[in-house]
Amino acid sequence: MNLLLKSATIIDNSSPFHLQIKDLLIENGTITKIGEKLKNPKNYKEIEFDNLHISQGWFDSSVCFGEPGYEDRETIENGLKTASKSGFTAVAVNPNTYPATDNKSAIQFLKNKANGSATTLYPMGNLTKGGKSEDIAELYDMQNAGAIAFGDYNKAVSNANLLKIGLQYAQNFDALLLSFPQDNSIAGIGLVNEEINSTKLGLKGIPALSEELQIVRDLFLLEYTGGKLHIPTISTAKSVELIKEAKKKKLNITCSVAAHHLALTDDELKDFNANTKVLPPLRTSKDLKALIKGLKEGVIDMVTSDHNPIDVEHKKVEYNNAKFGTIGLESLFGALNKTIGLETLIASLTTKPRERFNIPTYSIAEGKQANITLFNPDFDYTFSENNILSSSKNAIFLHKNLNGKVYGVISNSKMVL
C-alpha cells in the first residue's frame, strides 16, 4: 500500500511531530517521510480531507461481536468492518460467546476468523470455565494461543477465593486478569441505578454500593496476592476514589470507563428506552463529573465503547425483559471528543490501553509501520440509524447530537475510508 496523506494535523504525544500539520508518505505500509508539501514523483494515491487529523490507531479494550453462537447479533467480519470505519485499528474481543471462549481452540477460532482485516482482533479468554465462577479456565494455554487477558464479561467473580487463586496463578506467565465490578448479592435483580429516578419510574435499582464493595474486595485480594488486575467500566465517583488510593499504594491496577458513562446519566431513563439499559447502569451527574475528572487526572486509564450488539428480539421489549447492552463503536468519538478534550481522549484510546494489554504501539514517525486513525474533530451531526454500521441497532446515542467525524483507518497495509 502506497499513498500520500496531505495536510494532516498529528495528535500523538510520542511523535516528534505532535500538534504539527504535515504530509505523510506511506510506502509498502511504512511511513517513509514526514514533511511539508511533500512531492509525489511516483504518482501515489493522495488522501486529502477537510480538517484532517491523525493519531496512532485507536484500540478498544471491550468489544463484543457475538460470533460464535450469536451471529444474528454480529459477525466477526462485519464487526471488524464497523470497527475500522469507526477509527479502531485494534479491538479486544470479550469472551461472551457460545460456546464460551475458555480454551485454546476457541482463541484460535477467533484469530483465524479475523485474518486479513484492517482491524486487528485481540481475543480475551474467560477467567473461569464457561464464565460460571466455579473453576479457573485454561489461562496458560489460551495465552499461548493469543489471548491478551482473561475475564468473564459483565459477570462478577462471585467466589473471592477463585479470584485469589487466579491472581496467584497468572503471575507465573504475567497474565492480566479482569474482574467485573458488581457484587450480585447487593445488585440482585436490579435494572438501573438505584436513585431518585429509579424510584420515580418504579424500576428496581442497582446501588452504587454493589460496584464499590466488589472493587474494595478485589483490591484487597490484589494487595494480598500481587499480580495484575484490570477493572472494566467503572461507573461511580467512589470507584474513582478507590482506584486512586490503590494506585497510591503502588498496586498493579488499571481501570476503564465506558463512553456512555462519560456522556449520559440516569435522566435518560424517563422514556423507558431499552437502549439505555446497560451494565453497569447509567449513574448520576455527580458520578459522571467524577469519572471525567478521574480520566483527565489519569486515575482512569482508558475509554471503551463497551460495544455489545443485542438483537431486536431482546431489545424491543418491555424494559424489565430487555438485555443489558449498547453498541458504541460508531459513536464513541463523536460522543466524547468535546466532553473530555481531544488529547485526553486520544491518549485513552491509544498508548495507555495498548501498553496495559501488552500490544504494539505505533508512533507516527518516519520508519514506523503505518497504523493510523483519520478524523475531523470539528464536525457536528445528529447520530441516526444511517450512522449505524453494526448488524444490531441498539444504540444508546441514537438521535443525540455528537461532535467529531471519523474518516477511517490505515492499518495492516490496508486502507478503510
Inset, instruction - Report Rg (one decimal) and Dmax (nearest whole number) for region 258-344, counting Cα atoms only, units Å. - result: 13.5, 41
Legend entry - Radius ratio Rg over Rh of region 260-417, counting only Cα atoms, Kirkwood formula for Rh: 0.98
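Take the Cβ-Cβ distance between Q20 and K204 as r, set R0 to 41 Å, and report the resulting FRET efficiency rounded to the nearest 0.05. Don't skip to the answer; put the middle values down first.
Numbers: r = 53 Å, r/R0 = 1.29.
The computed FRET efficiency comes out at 0.20.
Using the heavy atoms of the protein chains alone and a 1.4 angstrom probe, what is the accessible area of region 341-417 per residue in square angstrom?
In whole numbers, region 341-417 has 42 Å² accessible per residue.
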Inset, instruction - Could you provide, to the nearest whole Å², the per residue accessible area of region 59-120 with probe 1.4 Å? - result: 35 Å²
Legend entry - 0 to 90° range, to nearest 10: angle between helix 76-85 axis and the chain longest Cα axis: 60 degrees
Inset, instruction - Keeping every protein chain in place, order T351, T82, T382, T199 by accessible area at 1.4 Å, biggest value first, i.e. largest first. - result: T199, T382, T351, T82
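Taking 20 °C and 1.002 mPa s as the conditions, I'd like the Stokes-Einstein D for region 2-58 in µm²/s, using the Kirkwood hydrodynamic radius from alpha carbon pairs.
On the way: Rh = 11.5 Å.
Answer, rounded: 186 µm²/s.
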Inset, instruction - Between beta-carbons, use under 12 Å as the cut-off and find the net charge around V312, counting Lys and Arg +1, Asp and Glu -1. - result: +2
Inset, instruction - Just the number, please: percent antiparallel of the DSSP beta bridges in the chain, rounded to the nearest 5. - result: 45 percent
Legend entry - Check: region 28-100 dipole with +1 on Lys, Arg Cβ and -1 on Asp, Glu Cβ, in debye: 520 debye
Legend entry - P(r), alpha carbons of the chain - 10 Å bins starting at zero, rounded %: 5, 23, 33, 26, 10, 2, 0
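Can you give me the % of accessible surface on region 17-160 that is carbon or sulfur? Probe 1.4 Å, all protein chains present, nothing else counted. Let's see the in-between values first.
Values: 2700 of 6100 Å².
Whole-percent figure for carbon plus sulfur exposure: 44.
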Inset, instruction - May I ask which of K42/K368; K6/K338; K45/K368; K293/K338; K204/K270 have a Cα-Cα span longer than 22 Å here? - result: K6/K338
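If Lys and Arg each add +1 and Asp and Glu each add -1, what is the summed charge of the other residues whose beta carbon sits under 9 Å from the beta carbon of P353? Provide the component values of the computation, followed by the final result.
Details: positive: K352, R354, R356; negative: D60, D301, E355.
Surrounding charge for P353 is 0.
Give me Rg over Rh for region 1-150, both radii from the alpha carbons and Rh done the Kirkwood way, two decimal places. Mind showing how you got there, number by number?
Details: Rg = 19.4 Å, Rh = 17.5 Å.
Computed over Cα atoms, the ratio is 1.11.
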Inset, instruction - Taking only protein heavy atoms into account and a 1.4 Å probe, give the accessible area per residue of region 198-262 in Å². - result: 39 Å²
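Where the accessible area of region 304-358 is counted over protein heavy atoms with a 1.4 Å probe, how much of it, in %, is carbon and sulfur?
Working: 860 of 1990 Å².
Carbon and sulfur together cover 44 percent of it.
The values are calculated or read from the model by the stated rules, or taken from the named source; none is laboratory data. All figures in this text were calculated on a predicted structure; none of them were measured in a lab. Don't worry about glycine lacking a Cβ; one is built from the backbone with ideal geometry, like all the others, and counts go over all protein chains shown. Just the protein is used for accessible areas: all its heavy atoms, side chains included, with ligands, DNA and RNA removed. Shrake-Rupley method; radii C 1.70, N 1.55, O 1.52, S 1.80 Å.
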